[in-house]
1. On full extension of the chain, what length is gained from residue 92 through residue 106, given 0.36 nm per residue of separation minus the C-alpha to C-alpha distance?
2. With the convex hull built on the Cα atoms of segment 52-155, state its orientation-averaged projected area in nm².
3. Taking the number of other C-beta atoms within 10 Å as the exposure measure, put 148, 81 in order starting with the fewest.
4. Rounded, prolate or oblate for segment 40-80? Axes are the square roots of the Cα gyration tensor eigenvalues, ordered a ≥ b ≥ c, and the cut-off for rounded is a/c under 1.5.
5. Using a simple spin-label model with points 7 Å from Cα along the Cα→Cβ vector, what separation in nm is obtained for residue 58 and residue 122?
6. Taking neighbour counts of Cβ atoms within 10 Å as a proxy for exposure, in what order, fewest first, do 143, 58 appear?
């Protein structure tokens with residue numbers, strides 16, 4: 001009897017761990033596009049608002065500094081344009097699209113934690129005027145990105 005209850009406890013703990021783990025994927029928004037380096041892009045015409053995903057900020061931990069690019073600088077799809085520093089690590093931020101930076105989120109200078117608390121709204125990082133809107137086709141939709149995160153975390 002003791003062995004059976006121990007087995008049940010192990011199964012329950014395993015189940016609970018998986019449930020808690022997958023909770024991190026709950027915040028993937030349908031109207032955004034995603035890069036495999038964990039940035040999101042909200043596309044409006046030839047404009048893209050860019051930030052890091054909820055999944056990325058969760059893995060980073062508390063963000064303490066965001067390195068922002070200059071307005072007018074060029075960004076290239078898949079290349080870094082800044083960095084996010086957390087209590088755990090510093091990670092490059094890659095642009096999901098190519099173009100020119102037309103706006104940066106200056107609020108992150110004094111409140112970098114917005115990336116943690118509101119990664120898809122107040123924690124956006126830059127706005128880009130895209131030079132090639134076809135690049136959006138190479139990005140993942142919300143379902144593809146959710147699956148990508150699950151597979152990545154299983155390894």
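1. Working: separation 14, 0.36 × 14 = 5.04 nm, distance 1.81 nm.
Stretched fully, the residue 92-residue 106 segment lengthens by 3.2 nm.
2. Details: hull surface 26.5 nm².
So the Cα hull casts an average projection of 6.6 nm².
3. On the way: 148 17, 81 23.
Fewest to most other Cβ atoms nearby, the residues stand as 148, 81.
4. Values: a/c = 2.30, a/b = 1.46, b/c = 1.58.
Oblate.
5. 2.1 nm
6. On the way: 143 10, 58 16.
With the sparsest Cβ surroundings first, the list reads 143, 58.
Values quoted throughout were computed directly from the atomic coordinates according to the rules given, and no laboratory measurement underlies them. As the structure is a prediction and not an experimental result, all values here were calculated from the model. Cβ sites come from the backbone with ideal geometry, for glycine too, and all protein chains shown count toward neighbours.
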